[in-house]
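Read through the structure below, which is laid out as structure tokens, and then see the notes.
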Amino acid sequence: MVVAKAGEVQSELKYDRVSEIKAFDETKAGVKGLVDARISEVPRIFHVPPDTLGETNVPIATQFHIPVIDLQGVKDDPGTRKEIVKEVLNASNEWGFFQIINHGIPVSILEEMKVRARMFFEQDDELKKQYYTRDNTKKVVYNTNFDLLTSPAANWRDSVYCNMAPDPPKPEELPEPFRDMMVEYTDRMMNLGHLLFELISEALGLSPDHLLKIDCAKGLGQLCHYYPACPQPELTMGASKHADSSFLTVLLQDHIGGLQVLHENQWIDVPPVPGALVVNIGDLLQLISNDRLISVEHRVLANSVGPRVSVASFFVTYFLSDSTSYGPIKELLLEDNPPKYRETTVIEYMTHFHNRGLAGKSALLHFRI
Ligand SMILES: O=C(O)CCC(=O)C(=O)O
Ligand SMILES: [Fe+2]
């Protein structure tokens, strides 16, 4: 009797994870496919492993709020700009995250982008499957969990990635549901990105075009996420704890919530603010700023009321073979502030980040001197 029970526990622990992952991947229908099939229990491949429960149990603090910065007047009034630059510096240095309002992208465009992103995931499965791939050199990559094959637990989300700059796909290569919108949104995001990199350059005491001149805004990847409603949200995550590999990320989230930022070892909610965009410093900006700006870990809780939709705009050239080296900016270094990181290329950084997946310590540590 006792032996049989032990055997059962053993098989529960040692289930054939690899086969289950492979079978799930082969459906090409993602997490949405499971929800469409009306599963009532979250499959084991999605269960957060007990050894990371400590991380899940970090307290959730409500006394902190990530800064909201109003960009009204940033282009017209030097005094206002100076104040905004100060706020950007404080937020990027202490939080690594802030929200922006009056950023110049009309609310109607933000709303339409979310609707169109959702339409991609909710279109006919057969049409969607043609984009399913794990080949990151493709211009359009739809899949579930970019690190599905290596992560300790799969996340309750599907994603579609479009590499929009510097070398965009032809419009007809973009999925029909968001084809026109993705082009328009990318244009708008490029303009906003230029402004943000100017403000961050100024915040660092550099000339306004410094970060643009070293091509921080050269690459733009648009990543649309779909977090279906989950029948047992306490067992899994929408997105595991991670920091972004980009220079900068601008995130459009819907009204559902669930994004949390790790601040002073506590999880802080990033509440949806109508019309706002969330900005966060990525690893590469932390590296070139020699830790003046911080790339902070964040996660997304699974939800029971979704789908939740978000669109993350990553300023980074991803897997483009570009040999430009990035290290701590010379102007920021002093005798008592020597470089903390070795030089690297974006492709070397991205490859390291992708091979690690979303779990574990910051990918930056690998480049630390
Ligand atoms: O969906 C979200 O709110 C966050 C997405 C995210 O963190 C990412 O794409 O890196
Ligand atoms: Fe992220």
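Using 0.36 nm per residue of separation minus the Cα-Cα distance, give me the extension gain between Glu348 and Glu122 in nm, one decimal. Could you put the intermediate results ahead of the total?
Details: separation 226, 0.36 × 226 = 81.36 nm, distance 3.48 nm.
Once the chain is fully extended between Glu348 and Glu122, it gains 77.9 nm.
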Most mobile of Leu174, Leu71, Leu334 per a Gaussian network model of the chain (Cα springs, under 10 Å)? Leu334
Using θ = phi - 60° and the Karplus curve 6.51 cos²θ - 1.76 cosθ + 1.60, what whole-Hz ³J(HN,Hα) does each residue of region 138-153 get, with Gly and Pro shown as x? 6, 6, 10, 10, 9, 6, 10, 6, 4, 10, 3, 7, 10, 6, x, 8
For region 224-286, run through the chymotrypsin sites (Phe, Trp or Tyr not before Pro) and keep only the ones in DSSP coil with at most 10 other Cβ atoms within 10 Å of their Cβ. none
By per-residue mean of other Cβ atoms within 10 Å, what is the highest-first order of 258-266, 304-312? 304-312, 258-266
Between the alpha carbon centres of region 77-136 and region 264-316 the gap in Å comes to 10 Å
Can you compute the helix-only [θ] at 222 nm over the chain? Use -39500 (n - 2.57) per DSSP H run of at least 4 residues, normalise by all residues, nearest 500 deg cm²/dmol. -9500 deg cm²/dmol
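For the chain, what value does the Rg/Rh ratio take when both radii are computed over Cα atoms and Rh is the Kirkwood radius, given to two decimals?
Numbers: Rg = 20.8 Å, Rh = 21.4 Å.
The Rg/Rh ratio comes out at 0.97.
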Positive-end residue, the chain charge dipole about Cα centroid, Cβ charges, pick of Asn102, Met164, Pro50: Pro50
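If you put +1 on each Lys and Arg Cβ and -1 on each Asp and Glu Cβ, how big is the dipole of region 58-367 around its Cα centre, in Debye rounded to 20? Intermediate results must be reported in sequence, preceding the final value.
Values: 27 positive and 40 negative charges, 95 e Å.
Roughly 460 debye, rounded to the nearest 20.
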Go ahead and set up a Gaussian network model of the chain, Cα springs under 10 Å, then flag whichever of Ala276, Ala37, Ala154 fluctuates most. Ala37
Identify, among Ile69, Val296, Leu149, the residue whose Cα sits farthest towards the positive end of the charge dipole of region 58-367, taking +1 on the Cβ of Lys and Arg and -1 on the Cβ of Asp and Glu, with the dipole about the Cα centre. Leu149
Taking the C-alpha atoms of region 159-314, convex hull volume expressed per residue in Å³: 119 Å³
Would you mind computing, in nm to one decimal, how far apart the modelled labels at Thr324 and Ile109 are, each placed 7 Å from Cα along Cα→Cβ? 2.3 nm
Using the Karplus curve 6.51 cos²θ - 1.76 cosθ + 1.60 with θ = phi - 60°, what ³J(HN,Hα) values do you get for each residue of region 232-245, in whole Hz, with x for Gly and Pro? 9, x, 6, 8, 9, 10, x, 8, 5, 3, 7, 10, 7, 7
If you count the DSSP beta bridges with both ends in region 58-367, what percent of them are antiparallel, to the nearest 5? 90 percent
Name the residues whose placed amide hydrogens come within less than 5 Å of the amide hydrogen of Ser246, ignoring near sequence neighbours (fewer than 5 apart) on the same chain. Asp283, Leu284
FRET E, pair Lys170, Tyr15, Förster distance 41 Å, beta-carbon r, rounded to 0.05: 0.40
Test item: Cα-centred dipole of region 267-369, Lys/Arg +1 and Asp/Glu -1 on Cβ, debye: 320 debye
Mind telling me which of Gln222, Gln253, Gln130 comes out most flexible in a GNM of the chain, alpha-carbon contacts under 10 Å? Gln130
Which whole-Hz couplings ³J(HN,Hα) result when phi for each residue of region 154-162 is put into the Karplus expression 6.51 cos²θ - 1.76 cosθ + 1.60, θ = phi - 60°, listed in order with x for Gly and Pro? 6, 8, 7, 7, 10, 9, 10, 10, 10
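Laboratory data are not the source of any read-out in this text; all were calculated from the coordinates shown. All values reported here derive from a predicted model rather than from experimental measurement. So basically every Cβ, Gly included, is an ideal-geometry build from the backbone, and we count neighbours across all protein chains shown.
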